Amino acid sequence: MKRQLILLSDMEGASGIFESNRGAVYHGSELWREVGRQCLTSDILAVCEAATECGIDEILLYDGHFAGDAEFNVILEQLPSNVRTFDTPNREFDWRRIRGQAESDPFGLITVGQHARSGEPWAYFPHTIQTPPIKAVLVNNMHIAEIGQMALSFCGTKYIANIGCNASHKEAKEISQNVACITVKNKKEGWEPSPLETYQIIKREVVEAIQTIDQKDVISISEPFDFSMELVEGYYFASPTVFPWKGNFNETVATWVSPSIEIGLELFNYVRNFIKKKS
Ligand SMILES: [Zn+2]
C-alpha cells in the first residue's frame, strides 16, 4: 500500500519570520516574495526529506496561508517529485474536497508553519482564522483555529507532528495529546533561529516522530458537533431572520449544530457572512 503523508502548511509560524520582518507573511509583498516564501519552503523541505528517508511514498500538501488567492506560498519548483498539492480553486479551504483528494487511510498528518490562536500569550502573529473580526471558534468547547480546522478534517488519521511557533502547540495538543511538537521560534525565550538552523531540528524531530508513530493517536472528536463563533469588540452579527441551519445568533456570538465536522466548517463560512463592523 502507498504510504501517503498529509502535510498542511500555514505561514505565520514558519522559521525565520518574526515581528522584525513581519511583512514576510503579507502575501504578494516584496518581503513575502524574497524572504517569506523561502522560509516556509525550507521548513516544508525539511519535512519532505525526513518523510522520504522514513519510507513515505507520497506527500500531499495543502498550502493554506492566504487561501482564496491562487498563488502558492511554497516555491513549487523546489519541491521534490514525490510531493503533490491539493487542488481547490484558488487554494480555498474546501475541507470536504481536500479530504476527498487524499487516500482513505493516509499514513499520518503533519502541520507546519503554524501560529497560535487568538489570545495566546507569547505568540508570533496569533489569530483565529481572521482576527479581527473573529475572537474564537469553538467546537464542543475546544477553541479551534487553523490547526484545529485542518486536523479535524482528517479525523481517523494519526496526528504525527506540529511544527511552528512554540505557542501553537497548545492547540495541536488539545486535538491530539501525543502529537510531536517541533518548535522553530519561541517569543517568550527570545529564541529566533534562522531557517538554516531549524532545518536540521525539523528533519531530526520529524524522523523521530515518524519512527514512533505507534505512540501517536488518531484524531477523533465525539458527536454531536456544537460550534460557536465569538467576535472581537467593534463587530456584530447582523443576523438574518431565517437561516436554514440549526443554530442561533446574538450580537457577538453565533452558534450552530452540525452532524459532521465538514458540514460544520462549511456553515462557519455562511455564518461569517453576517459579520458587520460597528460604525
Ligand atoms: Zn496564515
Condition met for Phe243 (in contact (Cβ under 8 Å) with a residue 40 or more places away in the chain and either among the hydrophobic types (A, V, I, L, M, F, W, C) or surrounded by 17 or more Cβ atoms within 10 Å (Cβ to Cβ) (or both)): no
Residue in the range 111-129 that is among the aliphatic types (A, V, I, L, M) and over 13 Å from the mean Cα position of the chain (by Cα) present: yes
Residue list for the range 100-124, filter: farther than 23 Å from Asp43 by Cα and not in a loop (DSSP other than H, G, I, E, B): Gly100, Gln101
Residue within the range 152-167 that is of a type in the set (Phe, Trp, Tyr) and assigned to a loop (DSSP other than H, G, I, E, B) present: yes
Residues satisfying the stated conditions in the range 105-132, i.e. over 24 Å from Leu267 (Cα atoms) and more than 12 Å from the ligand (Cβ to nearest atom): Asp105, Pro106, Phe107, Gly108, Leu109, Ile110, Glu120, Pro121, Trp122, Ala123
Strands (runs of 3 or more DSSP E) lying entirely in the range 1-93 (those with 1 or more residues that are more than 16 Å from the ligand (Cβ to nearest atom) and touching a Pro at 6+ places or on another chain (Cβ under 8 Å)): 4-9, 58-63
Criterion: in the same structural domain as Leu109 (by TED's automatic domain parsing), crowded, with 18+ Cβ neighbours inside 10 Å and more than 22 Å from Arg204 (Cβ to Cβ) - qualifying residue of Gly28, Gly13, Gly23, Gly64: Gly64
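Look at Pro240 and say whether it is at pLDDT below 95 and within 26 Å of Arg97 (Cβ to Cβ).
no
The values are calculated or read from the model by the stated rules, or taken from the named source; none is laboratory data. In this text the structure is predicted, and so the values were computed from the model without any measurement. For neighbour counting, all protein chains shown are included, and Cβ atoms are generated from backbone atoms with ideal geometry for every residue, glycine included.
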